[in-house]
1. Quick one: LYS160 ticks every box in (1) over 18 Å from the mean Cα position of the chain (by Cα); (2) surrounded by fewer than 19 Cβ atoms within 10 Å (Cβ to Cβ); (3) not in a loop (DSSP other than H, G, I, E, B) except a single one, so which number is it?
2. Tell me yes or no: at least one residue of region 80-100 is within 26 Å of the chain's Cα centre (by Cα), at pLDDT 90 or above and in a loop (DSSP other than H, G, I, E, B).
3. Which numbered condition in (1) at pLDDT 90 or above; (2) closer than 17 Å to ASN310 by Cβ is the only one that SER135 fails?
4. Looking at (1) of a type outside the set (D, E, K, R); (2) modelled with pLDDT of 90 or more; (3) not in a strand (DSSP E or B), which one does VAL10 not meet, given that it meets all the others?
5. Could you check how many residues of region 42-78 are closer than 30 Å to PRO402 by Cα and in a loop (DSSP other than H, G, I, E, B)?
6. Give me the pairs, please: first residue somewhere in region 377-400 and free of Cβ contacts under 8 Å to residues at least 24 places away in the same chain and among the aromatic types (Phe, Trp, Tyr), second residue anywhere and in a strand (DSSP E or B) and surrounded by fewer than 17 Cβ atoms within 10 Å (Cβ to Cβ), beta-carbon distance under 7 Å, and either six or more positions apart or on two chains.
7. Condition first: closer than 26 Å to HIS371 by Cα and among the acidic types (Asp, Glu). Now tell me which residues in region 26-80 satisfy that.
Amino acid sequence: MRKLRTLFVVAWISGSCIATFGQSYRNFQDELTEIRDRVKLKFGPFRVLPVLRLSNLGFDDNVYSRPAEKKSVGDYMGTASPEIKVYLLAGRSLILSFADNPEYLYYVKEDRLRTFMNSFVPGGRLRLFNRFVLSGEYHFRKHTRRAFSEFSRLVTDTVKGTMAGFFYETPRGTSIGFSGTSDRFLYEDIVLPDYEARLSRSLNRKEKTGNFELYYRVFSESYFFTKVGSTTYEFEHPSSRWRNSRSFQMSSGIRFPFMGRARGMLSLGYKKFMPEAAGREGFSGLIADTNLDFRLRRIGLRFGLGRDNNFSYLEENFFYVENKGDAGLSLYLTRFFKINYDFQYGELKYPEPFKISGVQPFLEISRKDVHRTHSIGVTIAVVKRTGIQLSYNIFDRTSNAPGFNIKRNFIGISLTQDF
């Protein structure tokens, strides 16, 4: 039993670590060492990594995110998301991988919200002459969630596409090269499939991105990085072709280790978003994608900063600019017990006038939404870094556009690998 428990914990931690690195380029040797050291379960030549995730097991008092002036509906819910990753290593030059992640979202009473999804990602990396690395993958990811802050309720979003990369790596771990992705984004409103602002009509699109990337090792597991690239956006529905656009973006920062006293990523950059349709306003300015986590003896500190523009599902709006920040504090009272507090704040600003229907005389405003989330909880360690977290969350959204004010409360438990 003790051996199985240890295996579960190693699988949990390793799975999270390896999955997170997939968000940006990973040095080939670092990934190879990670797999050999942490993926211990073997079946013949295959290394297998099982991961179990249980989250949001609790009660939500407003599952449909109804506005404050309407009666809300509460229900008990939970998400089970097991995952299995399989690796095949060929010497020191080839990594083949396959990940499969079924996910089930369950509601006790509101059965139309129950959803089963499955995501899978086959991929491979080949190292040539101990310096050049070719990478490629096909990904199919499907989730039911609030994919963007603008969504007030659950939406099924699907991303399917390919990724390829070609990099030169030095013995010290510095990497320089090019990457490209081609993705198709699909959206579906599971609550109101025929909703007048049809998500599929407004948001279904293809995106193609090409990047130049540089990663320079500054500490044993920390990297300075620079990424420069461009993206084209092509919308599928004829009525949304006016949304076709392109962008240029660049960012730089430091990527810290994903385990240790200092973790996360500091990233700041610039983006220029250019619509193809004449007369439509674009976007240019600062972008950010920063999440930092520090541990100082019995105190844990968390900081986050984000800024970018996203397409709006509202047919009369093109996009919105989101500014968000968060901060958190953990106090480790004992080796196995801690208390947590987190606060998140976000603003959604729409650069084009928002039309208010049903009002006389006819009105247009510069719409602005504000999100606030307070979360307080306790975590009990089960073994090593794995723990059970009990939390109470308060979400509040206010808007200067009528009908968009929302309040909701959630209390529940989750498994966490971040004690």
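The values are calculated or read from the model by the stated rules, or taken from the named source; none is laboratory data. What you see is a predicted model; the values in this text were computed from it and never measured. When we count neighbours, we look across all protein chains shown, and the Cβ atoms used for this are built from the backbone with ideal geometry, even at glycine.
1. Every condition holds for LYS160 apart from (1).
2. So far as region 80-100 goes, yes, one or more of its residues are within 26 Å of the chain's Cα centre (by Cα), at pLDDT 90 or above and in a loop (DSSP other than H, G, I, E, B).
3. Of (1) at pLDDT 90 or above; (2) closer than 17 Å to ASN310 by Cβ, only one is false for SER135: (2).
4. (2)
5. Adding up the residues that qualify gives 13.
6. TYR392/ILE376; TYR392/ILE411
7. Hits for region 26-80 are ASP60, ASP61, GLU69, ASP75.
Here's the yes/no breakdown for (1) closer than 26 Å to THR416 by Cβ; (2) basic (Lys, Arg):
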{"position": "SER65", "(1), (2)": "yes, no"}
{"position": "ALA90", "(1), (2)": "no, no"}
{"position": "TYR104", "(1), (2)": "yes, no"}
{"position": "PRO122", "(1), (2)": "no, no"}
{"position": "ARG125", "(1), (2)": "no, yes"}
